[in-house]
Amino acid sequence: MQNRIPSVKTGGNSKRFSFYLHTLNIQTALCSDNILKFVPSTMQQCRFNFYMNKIFFILSILSTGALFSQHDLQKNLELTFATYNVSMESENYFPRGTKGNSEQVLINELESGNNAQIRNIAQIIQTVRPDVILLNEFDYIKNPELGVKAFIKNYLKVGQGGATAIDYPYYYHSTVNTGQSSPYDLNNDGKSENFGSDAWGFGMYPGQYAMMILSKYPIDVKAVRTFQHFKWKDMPGALLTKKPDGSDWYSKEVWSQFPLSSKSHWDVPVQIGNKTVHILASHPTPASFDGAEDRNGKRNHDEIRFWKDYISDNSTSYIYDDKGVKGVLPSNSQFVLLGDQNASPVEGNAISEGIKSLLAHPKINSDLIPASKGGAEHSPQNPFGINHTAFWRMRADYVLPSKLGFKVINSGVFWPAKGEPMSELVEKRESSSDHRLVWVKVILE
């Protein structure tokens with residue numbers, strides 16, 4: 001009787017499998033009844049050897065087949081990357097300007113598990129179910145048990161509004177510049193208040209408007225690069241802010257210490273099988289809340305420009321990280337740039353060249369622009385409304401995968417139109433956030 005062996009994609013191992021198959025066929029022939037009837041004394045040993053070889057052969061197929069199946073699966077793996085400004089900073093839960101606000105307010109809301117606004121945010125995440133997501137404006141809470149883990153445990157791992165619970169075993173969070181006091185009068189109003197507009201990044205307390213990354217895949221924490229303390233002055237051609245009389249807005253002393261990033265810039269490597277995907281995360285300052293000098297607009301532009309320079313091939317780059325290591329992203333890297341950039345190429349008061357040049361970068365796939373029915377409905381007279389990502393009518397939030405290593409298959413903005421399922425989650429500012437979750441689905445190549 002002929003042994004039927006299931007076909008297996010063996011790639012470079014075909015010779016080894018041919019040898020196994022040839023050996024098994026020989027053993028089968030030697031142990032056939034036609035041979036054994038003439039040499040019955042060898043029957044027991046022969047059959048033992050035959051079955052051992054067969055077991056070894058099958059195990060080899062299973063193990064190698066599993067490896068190849070995993071490889072084939074990884075090559076066609078669908079992944080969803082998302083960014084979401086959740087507006088989960090403490091002032092969101094009290095009237096703005098309330099004294100004494102700090103991250104403790106958010107700690108209390110996370111512990112309760114009952115905040116309606118946060119539950120709606122969790123339901124939105126559970127509905128879209130991204131594999132990796134950046135959350136902007138989630139206050140920095142040093143103890144993860146009180147912060148990120150409490151959010152996962154008490155909200156994401158609890159089904160909300162009929163959605164299925166979701167877990168993120170891996171996360172990354174770190175310090176930011178918002179609310180970090182400076183000893184200077186940075187807004188030149190004649191007062192040095194240490195916080196607010198006189199902090200290195202606007203904030204009423206350290207860690208306000210921070211950010212975090214949640215991932216279903218392992219994060220290589222030791223390889224993370226942060227650029228929180230990169231000095232603005234060290235960017236060649238930085239946009240300098242001037243007073244009406246032409247003098248420098250910032251003194252030499254201030255300029256020598258001023259960080260470029262209003263929060264931080266992160267390069268966070270995520271391991272997906274044998275691939276490394278770099279998550280480039282940031283949240284540039286809004287290009288507003290200033291004056292004719294446009295100091296925030298210029299900072300916004302240069303914060304966005306930082307990423308354009310970081311993904312460009314330049315061995316003599318000016319960029320250094322918080323450990324003092326110089327250099328840009330290796331040229332053959334797969335990456336996804338995430339975040340609320342507070343800039344649009346066609347609307348708003350940002351210096352549009354910053355975001356335009358990033359979207360036009362030859363390494364970035366920006367062809368498929370996320371859209372929603374809700375955005376179009378919210379601004380029916382605006383041709384760009386379909387691509388808006390914020391309640392205040394602008395495309396501000398971006399998910400930008402590299403052309404290398406990804407095939408983009410779909411994208412969207414979670415913004416249901418009125419009357420559609422879950423439209424109540426975005427009905428008003430207080431329902432969830434003033435921003436919308438933006439996602440892009442890709443195939444890992």
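None of the figures in this text is laboratory data; all of them are computed from the coordinates on show. Please read all numbers here as calculations on a predicted model, not as lab measurements. In this analysis, Cβ positions are derived from the backbone assuming ideal geometry, glycine residues included, and neighbour counts consider all displayed protein chains.
In table form, for the structure just shown:
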item	result
Interchain or long-range residues, amide H under 5 Å from HIS435's placed H	PHE391
Amide H contacts of LYS231 (H built 1.01 Å from N, under 5 Å, at least 5 apart or other chain)	LEU260
Table column - 3J(HN,Hα) (Hz), the stretch 255-263, Karplus curve with 6.51, -1.76, 1.60, x for Gly and Pro	4, 5, 10, 6, x, 5, 7, 6, 10
Per-residue HN-Hα couplings for the stretch 397-403 [Karplus 6.51, -1.76, 1.60; θ = phi - 60°; Hz; x = Gly/Pro]	10, 9, 10, 10, x, 6, 5
Rg/Rh for the stretch 197-300, where both radii come from Cα atoms and Rh is the Kirkwood radius	1.06
Sites matching trypsin sites (Lys or Arg not before Pro) across the stretch 212-243 that sit in DSSP coil, with at most 15 neighbouring C-beta atoms within 10 Å	none
Evaluated at q = 0.13 Å⁻¹: base-10 log I(q)/I(0), Debye formula over Cα of the stretch 384-444	-0.40
Whole-Å distance, taken between Cα centres, linking the stretch 167-204 and the stretch 333-400	26
Karplus (6.51, -1.76, 1.60) ³J(HN,Hα), θ = phi - 60°, over the stretch 328-342, in Hz, Gly and Pro reported as x	9, 5, x, 5, 9, 7, 8, 8, 9, 8, 10, x, 7, 8, 6
